[in-house]
Amino acid sequence: MLTEAKSGHPGGSLSAIDLITALFYNEMRGIDPSHIDGERDHFILSKGHAAPALYAVLAKKGFIAYDELKTLRQTGSRLQGHPDRVRMPIVEASTGSLGQGLSVAQGMAMGYKMEGKPSRVYCLVGDGEIQEGQIWEAAMSAPKFGLSNLCVILDANNGQIDGHVSEVMPIEPIADKWRAFGWKVIEIDGHNMEQILEAFKSAKASQGKDSEKPTFILARTVKGKGVSFMENQIGWHGVAPTAEDARKAREELQKKLGN
């Protein structure tokens, strides 16, 4: 997709792909391309620049055709560089102006709780993104309203366009901060599928319990995961791979998957 478009964000897409895959293939209820308006769980990709990861999973699940993936970022395409809910019904929110997705997710979770519906809302945020003040306003209010049907996942790859998050604007201690705000906090390796699935299971078990806490999953990830020349390289935050880069990357990933 990114090579065809000659534009986009490979680093943060690869760091998030395991998390998004787990959500769509194992965790979320009612993810059916023939019945998207039915009662189901919901996903907000707040770090909207990782849209290629979302589109790849949607294609695998049958929501979009594989050929459409080649239209990424083209004028008139449904697959813009950031998710567009007007053109793509399965997309829950138009995101990419960082910091806003959690507010949308919280509003949805609050609505479902007020209506007594079992739907859960999952929101994926980036660690550079949580430097935004709006994130912390939502972080304060979700516990107040007892939104145990809300689960926030932090793709903590320590990279943003201007450099390492720890240098641009440090956000540690992340877990302690969210606990202090009243969230249930789970720390995991964001590329270990067993840990990912167990974290989602634990988050779901909290829904409707006496504590009524929302869950925050701190997923430690690697920017550019799986591609040796991209891993932990800030330069791959928003640069599309050439055809040769893509060929090398695919070979590496296929070899790892084969093993």
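The values are calculated or read from the model by the stated rules, or taken from the named source; none is laboratory data. Quantities reported herein were computed from a predicted structural model and do not represent experimental measurements. As a convention, Cβ positions derive from the backbone with ideal geometry for all residues, glycine included, and neighbour counts pool all protein chains shown. What goes into the accessible areas is simple: the full protein's heavy atoms, side chains included, and nothing from ligands, DNA or RNA. Shrake-Rupley method; radii C 1.70, N 1.55, O 1.52, S 1.80 Å.
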Considering only Cα-Cα distances, which of the following residue pairs are longer than 25 Å: Lys47/Lys255; Lys204/Lys255; Lys60/Lys113; Lys47/Lys184; Lys223/Lys256?
Lys47/Lys255; Lys204/Lys255; Lys60/Lys113
Over the chain, the sum of -39500 (n - 2.57) across DSSP H runs of at least four, divided by residue number and rounded to 500 deg cm²/dmol, gives at 222 nm -11000 deg cm²/dmol
Under 17 Å from the 7 Å Cα→Cβ point of Ile161, by amide nitrogen: which residues of segment 212-236?
234-236
What is the calculated FRET efficiency for Lys60 to Glu187, with r their C-beta to C-beta distance and R₀ = 35 Å, to the nearest 0.05?
0.80
Using a 1.4 Å probe, what is the accessible area per residue for segment 1-107, in Å²?
41
Between Arg179 and His35, how many nm apart are label points set 7 Å from Cα along the C-beta direction?
4.1
Sparsely packed trypsin sites (Lys or Arg not before Pro) within segment 168-234, loop by DSSP, other Cβ within 10 Å at most 11
Lys209
Under a cut-off of 12 Å between alpha-carbon atoms, report the aspartates and glutamates in cross-link reach of Lys144, not counting same-chain residues fewer than 8 places apart.
Glu212
Just subtract the alpha-carbon distance of Tyr25 and Lys144 from 0.36 nm times their residue separation and send over the number in nm, one decimal.
39.7 nm
Rounded to whole Hz, the Karplus (6.51, -1.76, 1.60) HN-Hα couplings of segment 173-182, x for glycine and proline
x, 4, 4, 4, 5, 5, 4, 5, 7, x
Can you work out the accessible area per residue across segment 154-217, with the rest of the protein chains kept in place, probe 1.4 Å, in square angstrom?
51
For a test of the definition: using alpha carbon positions, the gyration tensor, and the 1.5 limit on a/c, classify segment 13-98 as rounded, prolate or oblate.
rounded
Of Asp41, Asp18, ordered by accessible area with the largest first and a 1.4 Å probe, the sequence is Asp18, Asp41
Students often get this wrong: which residues of segment 211-225 have the backbone nitrogen under 15 Å from the point 7 angstrom along Cα-to-C-beta of Met169?
none
Could you work out what % of the accessible surface of the chain is carbon and sulfur, using a 1.4 angstrom probe and leaving DNA, RNA and ligands out of the count?
51
Quick one: helix 193-205 against the long Cα principal axis of the chain, what's the angle to the nearest 10°, folded into 0 to 90?
20
How high is the relative contact order of the chain, in percent, with contacts defined as C-alpha pairs under 8 Å that are six or more residues apart?
24
Using modelled amide H (1.01 Å from N, peptide plane; none on Pro or chain starts), what sits under 5 Å from the amide H of Asn158, excluding residues fewer than 5 places away?
Asp127
